[in-house]
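These notes concern the structure reproduced below.
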Amino acid sequence: MPVCALYLPEFSTLVMYKFIAALTLLFLPHLLRAQVLPGENSKLHYRLIGFSFPVSTGCNHYRLEVALGSYHAADSFVKNVFATYTGNKNSIIAEVPYFGNDYTWRVIYTGKNVAETKSELHHFSTSMIPDMDTNNTRVRITKNRGIYKNALVCLDGNRAIYDMSGHPVWYLPVIDGMSNEQLRDVRDMKLTSQGTITFLLNNVGYEINYDGVVLWKTPDNGTVNRDKHEYYHHELTRLKNGHYMILGNEYPLWKLPSNADSNVLLDTHTIYDTVKKAFSRNVEFGTIIEYDEKDNVVWLWKSSKYFEGSDLKDSINALGKFKDMHENSFCFDEEKKELLVSFRNISRILKVRYPDGQVAVTYGHCYSPGGKEQGSNLFCNQHSVKRSKQGYIYLFDNNCCNKEETPKIVMMKESRDGNLEKKWEYSCEIEDFTLKRHLQFRSGGNVIELPDKSIFTSLATDLYSNIFIVSKGKKVKWSAMPEKWNQVESKWEPVFQYRASIITDQKDKEHLIWNGAIKNQD
């Protein structure tokens, strides 16, 4: 049977690649007719695989057979077939059982008025890294009530995607010339509406496809903050219009109050202006940058501009110390044209209008004497602010102000007078009471509302790591503990997750898998 392989030349720019990618996805059904995937002798970093093969005239049924091992004789292949998948299209998504193994596959074509036809044997293998060896790293399922059985969970601490049984199905391959060891600091790994994956790594934002091809990375030329780097952190989101929105930092010089003690302030971060006779200090502020696909800054918001006209100046103490103003999460409603922006260290959330950047509402602690507090005491040192389908604001509350209590998931309704009303909350469970007393949840945390209105949550410190789904009735329906084996102490210990995400929709899963189909197979 003749097979026409799809050939894509190597392009010099990511922009051209993305143009080809868009055309490929548009005409994907046609292209898959002529492309055999996985490519012959390709090496894959995933077990959940998109198989495609040519159509055959008169055939309306396809049977995919997969064998463990590499075989070139049909008899040997048939004896080792471990799975058979069927469908009426010339593309089938199937799962193979192991990383670090060779596989052989073929397709059997059948139809009412045509004879059964068998394709030639095809071969590929799956690669292996130590973190995919369950003797070294595991996701231990502690509760499973059978919900979202076909979902996938993205764990940035593991830089991998797992099924709901705790089995890894995909891991981040080596990119940008980095080693596996250098990939350990991945943060905020999640699926985009375009069927790609975004994440942050070593203060650089990346977008890749399922095959690990880098489609876009953040420019790092200091265009916004006039520094050597933009200091990207916490969150990168691909917008529906194709743009990228990401958090950054800047460190401008800020004039200190006149009552600041100059003897205390004489350090490497403080500058004395002999002309203005005043001290200034480099202060950490946050930025929100929107890039188009050509790396142009198309929108920008700076917390330093908000600070200038806000009550936060009253948070400066006599020594001139600031509570830093870097953000830790945002949620952009592209239809309503507004952002919710979270500031952990001042326990504050801002509603920012887009595109004028004006702060419409402030929620959280107020620093001005006699000032109006809106939503005060409803959250403390929060992460991951989101907007629910009902329009409520919900977040992961680290709850650091209450040392005897665990973190919470909090859902709040905005009232007409601009205040917040708590509608629902859940105190995260930590079964080990001895451990609970020593835990401090100062970083990370994530919440995602699922289609049935339950909440997917990531709760983690260096001493404790738990991923779970809790219903609106406050029942934990699924939970898992990411762990790694400490060979020195011969025990399992937590794998810190900065944020975790989940893929529940089958169409999103298919979009992700087939989005890698444009890559030439090795």
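Values computed for the structure shown
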| quantity | calculated |
| --- | --- |
| Pair list, Cβ < 8 Å and 6+ apart or interchain, from segment 100-112 residues that are free of Cβ contacts under 8 Å to residues at least 40 places away in the same chain to residues that are of a type in the set (Asp, Glu) and surrounded by fewer than 16 Cβ atoms within 10 Å (Cβ to Cβ) | none |
| Residue match in segment 177-189 (condition: of a type in the set (S, T, N, Q), buried (at least 20 other Cβ atoms within 10 Å of the Cβ) and more than 23 Å from GLU334 (Cα to Cα)) | no |
| Tabulated pairs, segment 279-295, first at pLDDT 95 or above and surrounded by fewer than 19 Cβ atoms within 10 Å (Cβ to Cβ), second among the polar types (S, T, N, Q) and part of a loop (DSSP other than H, G, I, E, B), C-beta under 9 angstrom, 6+ apart or interchain | ASP292/ASN241; ASP295/THR218; ASP295/ASN221; ASP295/THR223 |
| Selection from segment 464-494 of residues that are among the aliphatic types (A, V, I, L, M) and crowded, with 20+ Cβ neighbours inside 10 Å | ILE467, ILE469, VAL470, ALA480 |
| Residue among ASN150, ASN158 that is under 24 Å from LYS484 (Cβ atoms), touching a helix residue (DSSP H, G or I) at 6+ places or on another chain (Cβ under 7 Å) and not in a strand (DSSP E or B) | ASN158 |
| Residue tally, condition surrounded by 14 or more Cβ atoms within 10 Å (Cβ to Cβ) and on the phi < 0 side of the Ramachandran plot, over segment 388-404 | 9 |
| Enumeration of residues in segment 174-205 that are in contact with an Asp or Glu (Cβ under 8 Å, 6 or more places away or on another chain), of a type outside the set (Asp, Glu) and closer than 27 Å to ILE93 by Cβ | ASN180, VAL186, MET189, LEU191, THR192, GLY195, THR196, ILE197, THR198, PHE199 |
| Segments classed as strands (runs of 3 or more DSSP E), wholly inside segment 311-385, with at least 1 members that are at pLDDT 95 or above and among the acidic types (Asp, Glu) | 329-333, 338-343 |
| ARG226 surrounded by fewer than 21 Cβ atoms within 10 Å (Cβ to Cβ) and in a helix (DSSP H, G or I) | no |
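The values are calculated or read from the model by the stated rules, or taken from the named source; none is laboratory data. Just so you know, these numbers come straight off a predicted model, no measurement behind them. No Cβ is skipped: glycine too gets one built from the backbone with ideal geometry, and neighbour counts run over all protein chains shown.
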